[in-house]
Amino acid sequence: MKTFRNPENIHAPLAAYTHQVEVSGQERWLVLSGQIGKDINDFIPEDPIKQIELAMENIKLNLKAANMDTKDLVKIVFYMVGDIDNAQRREAIAKALGDHEPCMTMLYVAGLASAALKVEIDAWACSDK
């Protein structure tokens, strides 16, 4: 079972995420390698927001292959390079997750595996099934 909490004794989340997710019982876990903004034809858009959208789509495809969906995500870590508009980033994430608010961390890094990559996203999912 997954219990999403924002404890009252600490500040409210700064955006659409949850401070903690407790997992108990006998669940299935899915740990994804970092997903990038690259499509099945090896196309990587230059726009970092498009890369976020594509990386989130790749996460959804991975979840689907494991018979899970975005509601099963419990932790997402964003690694980003360069200046990415915060409002556009939040909008892209909200579009991908809907009203689901897993734990989330955002890091700006000096670089990723390729100069073309501006975003990589790690994700952990847990299913009660």
Report task. Could you give me the residue pairs with C-beta distances under 6 Å whose first residue belongs to the stretch 7-32 and is within 11 Å of Glu101 (Cβ to Cβ), whose second residue is part of a strand (DSSP E or B) wherever it lies, and which are 6+ apart or on separate chains? Result -> Tyr17/Met104; Thr18/Phe4; Thr18/Cys103; Val21/Lys2; Val21/Phe4; Val21/Val74; Val21/Cys103
Report summary line: Note: among Lys75, Lys60, Lys71, Lys50, just one is outside any loop (DSSP other than H, G, I, E, B) and more than 23 Å from Leu30 (Cα to Cα), namely Lys50
Query raised in the report: Since Ala16 meets every condition but one in (1) over 15 Å from Lys2 (Cβ atoms); (2) in contact with a Gly (Cβ under 8 Å, 6 or more places away or on another chain), which condition does it not meet?
Result: (2)
Query - Residue check, Ala65 without any contact (Cβ under 8 Å) to a residue 24 or more places away in the chain, within 18 Å of Asp122 (Cβ to Cβ) and exposed (fewer than 15 other Cβ atoms within 10 Å of the Cβ) - result: yes
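Do we find a residue being touching a strand residue (DSSP E or B) at 6+ places or on another chain (Cβ under 6 Å), farther than 17 Å from Ser127 by Cα and of a type outside the set (Asp, Glu) anywhere in the stretch 16-24?
Taking the stretch 16-24 first, the residues touching a strand residue (DSSP E or B) at 6+ places or on another chain (Cβ under 6 Å) are 17-18, 20-23.
Right, trim to farther than 17 Å from Ser127 by Cα and you get 17-18.
Next cut, of a type outside the set (Asp, Glu) only: 17-18.
Checked the stretch 16-24: at least one residue is touching a strand residue (DSSP E or B) at 6+ places or on another chain (Cβ under 6 Å), farther than 17 Å from Ser127 by Cα and of a type outside the set (Asp, Glu).
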Query raised in the report: Which one is surrounded by the most Cβ atoms within 10 Å (Cβ to Cβ), of the residues in the stretch 18-43 that are more than 15 Å from Met80 (Cβ to Cβ) and among the polar types (S, T, N, Q)?
Result: Thr18
Requested in this report: For the stretch 92-121, enumerate the residues that are outside any helix (DSSP H, G or I), surrounded by fewer than 17 Cβ atoms within 10 Å (Cβ to Cβ) and of a type in the set (D, E, K, R).
Outcome: Asp99
Query raised in the report: If we scan the stretch 7-17, do we find a residue that is within 23 Å of Glu91 (Cβ to Cβ) and either of a type in the set (D, E, K, R) or surrounded by 17 or more Cβ atoms within 10 Å (Cβ to Cβ) (or both)?
Result: yes
Query raised in the report: Which condition breaks for Asp72 when tested against (1) modelled with pLDDT of 95 or more; (2) in contact with a Phe, Trp or Tyr (Cβ under 6 Å, 6 or more places away or on another chain)?
Result: (2)
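If we keep just the residues of the stretch 44-62 that are polar (S, T, N, Q) and buried (at least 17 other Cβ atoms within 10 Å of the Cβ), which is modelled with the highest pLDDT?
Here the residue is Gln51.
The values are calculated or read from the model by the stated rules, or taken from the named source; none is laboratory data. A quick note: this is a predicted structure, and the numbers were derived from the prediction, not measured. No Cβ is skipped: glycine too gets one built from the backbone with ideal geometry, and neighbour counts run over all protein chains shown.
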